[in-house]
Amino acid sequence: MRAPKQEGGQLRPLKTLERVLSKAGIGSRTDARKWIGAARVRVNGKLVQTPDYWVDLERDRVTLDGKPVRAQERRYLLLYKPKGYITSNGDPDGRATVYDLIGELGAWVVPVGRLDQDTSGLLLMTNDTQFAERIMNPEFHVPKTYLVKCSTVVGDDALDRLRNGVELSDGPTRPAEVRRVRDSGKYTHLEITITEGRNRQVRRMIEAVDSKVLKLVRTAIGQIEIGGLQIGAYRDLTPAELRALGGK
């Protein structure tokens with residue numbers, strides 16, 4: 001493996017080979033490692049099978065299956081994920097995935113974060129890894145809003161606990177915005193906004209106040225709302241929506 005070089009007292013713009021492939025928007029870093037290991041990638045005509053091989057972005061020519069690797073057009077999708085679909089690309093158990101909904105898009109995209117199989121709602125998908133990392137990174141405090149149907153009537157004291165942060169197995173949650181939408185018989189419907197993305201976080205928060213989630217729908221990420229989009233459908237983000245999420 002080559003190490004980064006100095007030229008004229010400055011670092012050259014180098015990235016590892018797997019990073020070059022993923023940043024081009026043609027596949028994930030996992031995909032890149034598979035391609036490299038399968039002897040499908042060359043740098044300046046030389047076969048390279050080391051994912052952390054350093055590539056000079058200004059001078060080196062990278063090819064995949066003999067075709068030059070070039071940055072792909074960036075795509076930013078808003079999908080209304082139905083319940084029952086998983087966010088993986090393929091499933092050994094044959095379950096339906098979000099990729100069944102977007103079909104032959106003509107570009108490689110991945111989910112920005114995840115929604116579990118039993119959760120529906122707004123899912124962003126993109127091939128812009130930097131944008132995806134920003135949305136998912138809890139340091140950026142990008143809010144995610146959900147509608148929740150709880151299995152019990154949730155009292156005001158419990159709502160205050162959610163607002164102030166509850167203790168979970170992986171530590172206390174950040175304060176959340178919580179609004180009682182309505183009580184219907186023996187159920188409470190809530191709107192809850194969080195700025196983290198822990199695994200099944202909303203479900204665990206509701207369980208921490210002695211209730212359970214019967215239905216969970218993500219309705220917004222930041223200022224971007226699912227609006228009137230039909231369930232199972234998708235569309236491209238508008239330039240204004242992309243800017244609102246910190247994209248270009």
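Considering only residues in the range 38-58 that are assigned to a loop (DSSP other than H, G, I, E, B) and in contact (Cβ under 8 Å) with a residue 40 or more places away in the chain, the one that is surrounded by the fewest Cβ atoms within 10 Å (Cβ to Cβ) turns out to be E58. Of the residues making up the range 182-204, those that are in contact with an Asp or Glu (Cβ under 7 Å, 6 or more places away or on another chain) and touching a residue at least 60 places away in the same chain (Cβ under 8 Å) number 1. Of all residues in the range 165-181, those being touching a residue at least 12 places away in the same chain (Cβ under 8 Å), out of contact with any helix residue (DSSP H, G or I) (no Cβ under 6 Å at 6 or more places or on another chain), assigned to a strand (DSSP E or B) and not basic (K, R) number 3. All conditions in (1) surrounded by fewer than 18 Cβ atoms within 10 Å (Cβ to Cβ); (2) within 21 Å of the chain's Cα centre (by Cα); (3) outside the structural domain of A96 (by TED's automatic domain parsing) hold for L216, with the sole exception of (1). For the range 189-203, the criterion of being in a strand (DSSP E or B), more than 25 Å from L78 (Cβ to Cβ), of a type in the set (S, T, N, Q) and modelled with pLDDT of 95 or more is met by no residue.
When you check V148 against the structure, is it surrounded by 15 or more Cβ atoms within 10 Å (Cβ to Cβ) and either out of contact with any His (no Cβ under 9 Å at 6 or more places or on another chain) or within 28 Å of R243 (Cβ to Cβ) (or both), yes or no? Criteria not met by V148. Scanning the range 186-203 for residues that are of a type in the set (V, I, T) and surrounded by fewer than 18 Cβ atoms within 10 Å (Cβ to Cβ) yields T193, T195.
The values are calculated or read from the model by the stated rules, or taken from the named source; none is laboratory data. Computed from a predicted structure; not experimentally measured. For neighbour counting, all protein chains shown are included, and Cβ atoms are generated from backbone atoms with ideal geometry for every residue, glycine included.
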